[in-house]
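Comments concern the structure below.
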Amino acid sequence: MQTDFLVIGSGIAGLTYAIKVAEACPDKKVWVLTKSQTEETNTKYAQGGIAVVHDPEHDSFAKHIEDTHIAGDGLCTPEVVELVIKEGPQRVKEIIEWGARFDREKDGDYALGREGGHSESRILHYKDVTGAEMERALLHKIHQLSNVHMTSDYFVVDLVTQHHLGFLVTKSTPDIQCYGVYALNLATNRIEIIRAKITLFATGGNGQVYRTTTNPNIATGDGVAMVYRAKGRIENMEFIQFHPTALYQAGQKGQAFLITEAVRGDGGILRNHKGEAFMEKYDERKDLAPRDIVARAIDNEMKIHGTEHVWLDCKGIPTEQFLKHFPNIHQTCLKAGIDVSKDMIPVAPAAHYSCGGIKTDEWGRTSIKQLYAVGECASTGLHGANRLASNSLLEAMVFAHRSFVHSITAMNELSYDHIEIPEWDAKGTSAPREMILITQSLKELQQVMSDYVGIVRNNVRLERAARRLDLLWEETENLYKNTVISPQLMELRNMITVGYLITKGAIFRKESRGLHYNTDYPHKSPLLQPIVL
Ligand code: FAD
Ligand code: SIN
């Protein structure tokens, strides 16, 4: 099978790119693959909205740029911050033209929300389900394009590079090239070769590496693991953002429901078990300090009081306002027996966003030729050591556009490589005898990552995590060599790789900066550098 543009992932990054290349090149084939149902993405769950300078009279690019740098704690790439923030409004205008709706005030102007780390109200949103609305608009638009082929239930297993043609490929091989992918067709259970002139990874985040996360099941870091296996560059993986306020439900594991930061923007106050509003002890911006600070403060309060959560008090927000701005949260809390007008919401931090990922340049190019990466799987330099709230939907749209611009020019000079790509070699493998070997290893991985590589780290914990991960890796590789491939096994293997990359990054970073806080190195190092693996 072959296509001109192959897009892996159907969230905001993949769909935006696919729409643009399909419209610009009506004679070219665009194939979008996704391992689950098309709309099951991190994008669908985005709540707060999209940060953008909408009204230059009350806001400015300079302020949004400064806020991004402050959150990123010195590690953002200045040129990238500037281009994302300045090109953002144009990208937002486009998605509005494609049909995405955002809430408006009575006077017809857009309603702008406020989130942690922002010096102005600048978050465009659609109630508390902004991501679902954007995903809806993108899918509606893409279905109108006849040269786009969308396929769900296709699990991309690996990139095809020179390695599969029998050449030795190492990190120092200068011209690693992507010829397409091997993908497991979940309908037939066969691994197929898909050749592509240009491949774009938009595979999203990796929250499932942790015990509790705001991310859905698809967020297993597959793209990062595949690029790492193909000897591409990965950077800044130690910067995992924990969202301060996921709904706490006793005994819950896996995906936790998010209580958007916009609730604190509307006046929600964090309280400890004594009912004290504690954020003023930690930061003068109180409940609207950047996320790393709020998450660490909550973690500290939970440790001091020996509790598994703190409270979010929304009783001061008029009920009518809460219902208007956060209908989904209101409904979900009610189902959990919480009436936000009378009860406080139990909340705890949960793994939320991966700031690092596949290293890309300002055009979304990875270190592997003909492979681009956009969205949460990419590391563009925008977020530095900590992402500013609601900057990721913006980043995905800006870099989808930039990758589109670059790749349609590149496409003119590309033809299908007439190389013989070998069929997937499944010799010596048999059906898995015990699924528990996979499920148990996954639990162990999530436990190790949550206990040793979480919000607060130290050297002993990190070394311990590295040793546990080595063992899990060895066992999983044995299983992989002897077992017929399944999505569960591939995801486990990918998540162990991602866990290893997070842990290695954390071990190499001998300082505390942004989301990486190591009590053995509580200060910042004067050396400002990304950690590239
Ligand atoms: P995703 O939307 O996650 O899409 C990934 C796609 O890749 C999926 O289609 C998946 O099936 C596919 N895929 C992955 N691996 C494979 C494979 N091996 N084979 C085939 N397909 C594969 N950001 C903001 O800016 N504002 C917000 O308000 C906001 N709120 C959020 C709330 C929640 C609860 C969460 C979880 C995140 C939030 N974020 C927010 C972050 C933001 O939603 C994500 O960073 C962004 O949507 C990621 O988009 P993406 O296109 O990169 O990936
Ligand atoms: C939120 O709504 O609090 C999440 C926003 C984000 O992750 O950017």
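Within the stretch 267-275, identify whether any single residue is small (Gly, Ala, Ser), open to solvent by less than 30 Å² (accessible area, probe 1.4 Å), within 15 Å of ligand 2 (Cβ to nearest atom) and not in a helix (DSSP H, G or I), and answer yes or no. The answer is yes; a qualifying residue exists. Pairing each residue of the stretch 406-425 that is within 19 Å of ALA18 (Cα to Cα) and free of Cβ contacts under 8 Å to residues at least 60 places away in the same chain with any residue that is surrounded by 13 or more Cβ atoms within 10 Å (Cβ to Cβ) and of a type outside the set (D, E, K, R), provided the two are 6+ apart or on different chains, yields C-beta distances under 6 Å for HIS406/TRP363. Scanning the stretch 449-471 for residues that are open to solvent by less than 80 Å² (accessible area, probe 1.4 Å) and more than 25 Å from the chain's Cα centre (by Cα) yields a total of 1.
Please tell me if ASP158 is open to solvent by 30 Å² or more (accessible area, probe 1.4 Å), within 12 Å of ligand 1 (Cβ to nearest atom) and within 14 Å of ILE8 (Cβ to Cβ).
Numbers: open to solvent by 30 Å² or more (accessible area, probe 1.4 Å): no; within 12 Å of ligand 1 (Cβ to nearest atom): yes; within 14 Å of ILE8 (Cβ to Cβ): yes.
Here the answer is no, as ASP158 does not meet what is asked.
Counting only residues that are of a type outside the set (A, V, I, L, M) and either more than 30 Å from GLY166 (Cβ to Cβ) or open to solvent by 80 Å² or more (accessible area, probe 1.4 Å) (or both), the stretch 422-448 holds 12 of them.
Within the stretch 276-306, the set of residues being of a type outside the set (A, V, I, L, M) and open to solvent by less than 30 Å² (accessible area, probe 1.4 Å) comprises PHE278, ASP283, ASP287, PRO290, ARG291, ASP292, ASP299, GLU301. When every residue of the stretch 71-86 is checked against the conditions, none turns out to be of a type in the set (S, T, N, Q), within 16 Å of ligand 1 (Cβ to nearest atom) and more than 23 Å from THR260 (Cα to Cα). Hey, can you tell me all the residues within the stretch 112-141 that are under 15 Å from ALA100 (Cβ atoms), out of contact with any Lys or Arg (no Cβ under 8 Å at 6 or more places or on another chain) and open to solvent by less than 50 Å² (accessible area, probe 1.4 Å)? Selection gives LEU124, HIS125, VAL129, THR130, MET134, LEU138, LEU139, LYS141.
Scanning the stretch 375-389 for residues that are open to solvent by 10 Å² or more (accessible area, probe 1.4 Å) and within 6 Å of ligand 1 (Cβ to nearest atom) returns a single hit, GLU376.
Selection of helices (runs of 4 or more DSSP H) fully inside the stretch 307-414 by the criterion of at least 3 residues being hydroxyl-bearing (Ser, Thr, Tyr) and either within 16 Å of ligand 2 (Cβ to nearest atom) or modelled with pLDDT of 95 or more (or both) returns 392-411. The residue list THR260, THR203, THR220, THR212 contains one member that is open to solvent by 10 Å² or more (accessible area, probe 1.4 Å), among the hydroxyl-bearing types (Ser, Thr, Tyr), near ligand 1 (Cβ under 9 Å from one of its atoms) and within 25 Å of the chain's Cα centre (by Cα), which is THR203. Restricting TYR45, TYR110 to residues that are in contact with a Pro (Cβ under 7 Å, 6 or more places away or on another chain) and of a type in the set (Ser, Thr, Tyr) narrows the list to TYR45. Considering the stretch 1-102, the qualifying helices (runs of 4 or more DSSP H), each wholly inside and each with 3 or more residues that are closer than 24 Å to ILE240 by Cα and out of contact with any helix residue (DSSP H, G or I) (no Cβ under 7 Å at 6 or more places or on another chain), run over 61-72, 78-97. Would a scan of the stretch 45-57 turn up a residue that is within 13 Å of ligand 1 (Cβ to nearest atom) and open to solvent by 70 Å² or more (accessible area, probe 1.4 Å)? For the stretch 45-57, residues within 13 Å of ligand 1 (Cβ to nearest atom) and open to solvent by 70 Å² or more (accessible area, probe 1.4 Å): present. Take the conditions (1) within 14 Å of ligand 2 (Cβ to nearest atom); (2) on the phi > 0 side of the Ramachandran plot; LEU124 misses just one of them, which is (2).
The values are calculated or read from the model by the stated rules, or taken from the named source; none is laboratory data. Just so it is clear, the model here is predicted, and its values are computed rather than measured. Positions of Cβ are backbone-derived with ideal geometry, glycine not excepted, and every protein chain shown enters the neighbour counts. What goes into the accessible areas is simple: the full protein's heavy atoms, side chains included, and nothing from ligands, DNA or RNA. Shrake-Rupley method; radii C 1.70, N 1.55, O 1.52, S 1.80 Å.
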